[in-house]
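First up is the structure itself, then whatever we jot down about it.
The values are calculated or read from the model by the stated rules, or taken from the named source; none is laboratory data. Treat the numbers as computed from the prediction; the structure is a model and nothing was measured. Heads up, the Cβs are rebuilt from the backbone with ideal geometry, glycines too, and the neighbour counts pull from every protein chain shown. SASA here: full protein model, heavy atoms, side chains in, ligands and nucleic acids out. Shrake-Rupley method; radii C 1.70, N 1.55, O 1.52, S 1.80 Å.
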Amino acid sequence: FELAVSPPQVVYRFENGRKLEPIEEVTIEVDDEFSGVIVNKLTARKGVVLDMRPSNEKGRTRLKLHVPSRGLLGYRSIFFTDTRGTGILTRAFKAYEPYKGDIDNLRKGVLVS
C-alpha cells in the first residue's frame, strides 16, 4: 500500500495562445469588524469585490467576490483565524478567465503529518 501527497495545483487552460485560469465566485458573511481585513486579504490575492452589503443578521456584512482559484488555496485557515471562527465562506466555480498575473507573498498553508 502506497500513498503520495502533493500540494494542490490549479488546472490552467490555453486558448488561442492565451493562458486562462479558473475563477470562483466567493460569498462571505462576517461580523462587521472583520470585513476590512477580509477584503484586504482577498484583493491582495487578485480578488475583485462585486458586492458588499449588510447581512440579514444585525452586525454582519455579506461580501461577494470573484477570486482566482489559486488565490484561495490555503486561504480557509487564514479566513477562520481572521474572523475568529465566526465567518462563513462559500465558493463556486464561475468560469475560466484570462490569467490575472502573479500573486505576491502568497502563503499556501502547511501540511502537518
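Mind checking which helices (runs of 4 or more DSSP H) fall wholly inside region 13-107 and carry at least 2 residues that are open to solvent by 50 Å² or more (accessible area, probe 1.4 Å)?
35-44, 75-82
Candidates 79, 34: the one that is over 17 Å from residue 101 (Cα atoms) and in contact with a Ser or Thr (Cβ under 6 Å, 6 or more places away or on another chain) is 34.
When the test is whether a residue is in a loop (DSSP other than H, G, I, E, B) and open to solvent by 80 Å² or more (accessible area, probe 1.4 Å), residue 10 does not pass it.
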